[in-house]
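Visitor: One structure is given below, represented as structure tokens, and several questions about it will come after.
The values are calculated or read from the model by the stated rules, or taken from the named source; none is laboratory data. Predicted model only: the values in this text are computed from it and were never measured. Cβ coordinates were reconstructed from backbone atoms using ideal geometry, including for glycine residues, and neighbour counts include every protein chain displayed. Ligands, DNA and RNA are excluded from the accessible area calculation, which covers all protein heavy atoms including side chains. Shrake-Rupley method; radii C 1.70, N 1.55, O 1.52, S 1.80 Å.
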Amino acid sequence: MNKFISIVFFILIVSSCSNEQTAPPNQPKGEIIYHVFQRSFYDGNGDGQGDLVGLKSKLDYLQDLGVTSILLLPLYDADCYHNYFANDFEKIDPEFGTMEDYIALVKEVHQRGMKIYLDMETQYVSEKHLWWRDAVGNPKSAYSNYILFEDEGHARPATIIFDLRELNSFDGSKIKITTVNLKDKSVLDYNVKLFSYFADPDNNGKFDDGADGFRLDHAMDNLDNKPALTNLFSTFWSPLIERVKKVNPQLKFVAEQANWGDYGFEYFEKAGADRMFGFGLQQAILSFNKQQLTNKADTILLMTPPGKDQIIFIENHDLDRSASVLNKDPNKERVAAALTLLIGGIPSIYYGQELGMTGRGGFGIYGATDGNDIPRREAFEWFKTDEGKGMALWYKNTGPWWDHTYIKANDSISLEEELPRENSLLNFYKTIIKLKQSDPALSMGKYAPAENNNAQVFTFFRQEGLDKVLVAVNLSAEKQKAGLSPSGGTYSPLYGRVAINQNSFELKPYEIGVWSVK
Ligand SMILES: [Ca+2]
Ligand SMILES: [Ca+2]
Ligand SMILES: [Ca+2]
Ligand SMILES: [Ca+2]
């Protein structure tokens, strides 16, 4: 090849690569979050604990899947395996790594054009936290106002949610916890500094090293109904978000509504949250009930104010695995995945959901211990044998959650088994994500109801500018015929081969169709 041709060839390769990897700014790819319980994801140093180095080494997998953002569980130093209830908010839990590991991960995520969000819960501290160590039994402590007390001598720090004073850890230890006084001005100032630190660790006004946003765990206006902690939307959350956004106005705050039955619209209005979790749609998608889906989608997606967003999900660290809820029915798993990814808002995939990992947990199944939730937080299944390098089996041989582990070898649920299998759930996720990201309406468009005359067929539109797409799913195990109303337009399939003639179409059991509408 002569020099001139090779230069032209080089330019062509470079420009076609950049076209493929970075969508033009007016056509964003559409955000897709990967919610990862990092302790259970990938162990980078062989101690059985998933960690930041391990997560960083698996970014190729996440990009290949098509996700654009990562949401972590809390990273700060804590004794609980889930890392809620901090010993030290400013330090990375040594089991996850160091601040250097955090910054290296964040920079690598950003170099790939991805985003990363941190989970924060600063309403509580453990007995190992400085504020507890200094202030309990010492009314003269500089931190006396930082935590709540029940007595004048400050011998009894306040209870937390459910009037608990301590948590029973899965490993048999007890961890004492108290509630932070979010009404204290110094506590608000501290939180502003803490969040700002993680948004820009070296404080140089450049955010390549910082988180792109935060999840606010268990956010409430009246925290746990404590009389001392009322009106926190206006006195704590809203000023916190406003002040931290002065550091980086692009930061996104998602609040977890404490009441999962709540749509959370008040959090948008009064707490300054950018995003809320669409819990109502989570239940509706798994219900396979058209009426419920229609009601929740019309409420959650249509009533979210402009500039705000909903996170759409079917799994998180507090919920049973969707594959278990759906009795491992592969057709239902696909319908639930398609709805999560295509209905609107910002989809979030909980690690292992894309493999169809199973698990049921919850309060009391193994007694009064946080081990109850381990079945929802098991090691990501990298291998056919469910053993091998990187498997984060930190809870191996620690109790009944291990004796009854949902992880099984050779059961076709693992990355190694699913990657090469063309019709695997993993490859279905990839297909739908690709479809979503190749179409502006599916990526960015608004949800709009689409009526049809069949009680088992759920249909909706997504529209962005002139680009309009119709999605239909058969929620039943029988063949269904449906007629769209009102009529109009021509439909060409983007996914599936079903034709729509004179506004009517037929779907096989649990079949999914996606059409471009002209
Ligand atoms: Ca490790
Ligand atoms: Ca720890
Ligand atoms: Ca910086
Ligand atoms: Ca398996």
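Visitor: For the range 201-231, which positions are over 26 Å from N248 (Cβ atoms) and open to solvent by less than 10 Å² (accessible area, probe 1.4 Å)? Write out each step before concluding.
Guide: To start, the set of residues in the range 201-231 that are over 26 Å from N248 (Cβ atoms) comprises 222-231.
L223, L229 - these are the residues of the range 201-231 that are over 26 Å from N248 (Cβ atoms) and open to solvent by less than 10 Å² (accessible area, probe 1.4 Å).
Visitor: If you scan the range 257-274, which residues turn out to be in contact with a helix residue (DSSP H, G or I) (Cβ under 9 Å, 6 or more places away or on another chain), surrounded by 16 or more Cβ atoms within 10 Å (Cβ to Cβ) and either outside any loop (DSSP other than H, G, I, E, B) or not aliphatic (A, V, I, L, M) (or both)?
Guide: Q257, Y263, G264, Y267, A271, G272, D274
Visitor: Specify the residue that is nearest to W401 (Cα to Cα); the eligible residues are those in the range 154-166 that are open to solvent by 20 Å² or more (accessible area, probe 1.4 Å) and modelled with pLDDT of 95 or more.
Guide: If we filter the range 154-166 for residues that are open to solvent by 20 Å² or more (accessible area, probe 1.4 Å), which is where we start, we get 154-156, 161-166.
Now restrict to residues that are modelled with pLDDT of 95 or more: 154-156, 165-166.
Working: H154: 38, A155: 36, R156: 34, R165: 24, E166: 21 Å.
Checked the range 154-166; the qualifying residue nearest to W401 (Cα to Cα) is E166.
Visitor: Within the range 382-397, does at least one residue satisfy the condition of being open to solvent by less than 20 Å² (accessible area, probe 1.4 Å) and either part of a helix (DSSP H, G or I) or under 26 Å from Q257 (Cβ atoms) (or both)?
Guide: In the first step, residues of the range 382-397 are kept if they are open to solvent by less than 20 Å² (accessible area, probe 1.4 Å); the result is 382, 386, 390-392, 395.
Add one more test, that the residue is either part of a helix (DSSP H, G or I) or under 26 Å from Q257 (Cβ atoms) (or both), and what stays is none.
Within the range 382-397, none of the residues are open to solvent by less than 20 Å² (accessible area, probe 1.4 Å) and either part of a helix (DSSP H, G or I) or under 26 Å from Q257 (Cβ atoms) (or both).
Visitor: For the range 170-200, give me each residue that is in a loop (DSSP other than H, G, I, E, B), buried (at least 16 other Cβ atoms within 10 Å of the Cβ) and either touching a Ser or Thr at 6+ places or on another chain (Cβ under 9 Å) or of a type in the set (D, E) (or both).
Guide: Those that are in a loop (DSSP other than H, G, I, E, B), buried (at least 16 other Cβ atoms within 10 Å of the Cβ) and either touching a Ser or Thr at 6+ places or on another chain (Cβ under 9 Å) or of a type in the set (D, E) (or both): F170, L182, K183, D184, D200.
Visitor: With respect to Y406, determine if the residue is open to solvent by less than 10 Å² (accessible area, probe 1.4 Å), aromatic (F, W, Y), within 30 Å of F162 (Cα to Cα) and away from ligand 1 (no atom under 16 Å from the Cβ). Explain how you work it out, then say what you get.
Guide: Details: open to solvent by less than 10 Å² (accessible area, probe 1.4 Å): no; aromatic (F, W, Y): yes; within 30 Å of F162 (Cα to Cα): yes; away from ligand 1 (no atom under 16 Å from the Cβ): yes.
No; evaluated as a whole, the condition is false for this residue.
Visitor: Quick one: how many residues across the range 143-158 are in contact (Cβ under 8 Å) with a residue 24 or more places away in the chain and in a loop (DSSP other than H, G, I, E, B)?
Guide: Final tally of qualifying residues: 4.
Visitor: List pairs: first in the range 90-108 and over 18 Å from S196 (Cβ atoms) and without any contact (Cβ under 8 Å) to a residue 40 or more places away in the chain, second away from ligand 3 (no atom under 16 Å from the Cβ) and of a type in the set (S, T, Y), Cβ under 7 Å, 6+ apart or cross-chain?
Guide: So the pair list comes out as D93/Y76.
Visitor: Now for a separate question. For the range 424-518, which fully contained strands (runs of 3 or more DSSP E) count at least 2 residues that are modelled with pLDDT of 95 or more and under 26 Å from the mean Cα position of the chain (by Cα)?
Guide: 446-449, 457-464, 467-474, 512-517
Visitor: Within the range 346-365, can you find the residues that are under 10 Å from I312 (Cα atoms) and surrounded by 23 or more Cβ atoms within 10 Å (Cβ to Cβ)? Even if it seems obvious, please write down each step before you answer.
Guide: Going through the range 346-365, the residues under 10 Å from I312 (Cα atoms) turn out to be 346-349.
Listed by number, the residues that qualify are P347, S348, I349.
Visitor: Further question: Please go through the range 103-142 and give me each residue that is assigned to a helix (DSSP H, G or I) and over 30 Å from F233 (Cα atoms), ordered by number.
Guide: I103, A104, L105, K107, E108, V109, H110, Q111
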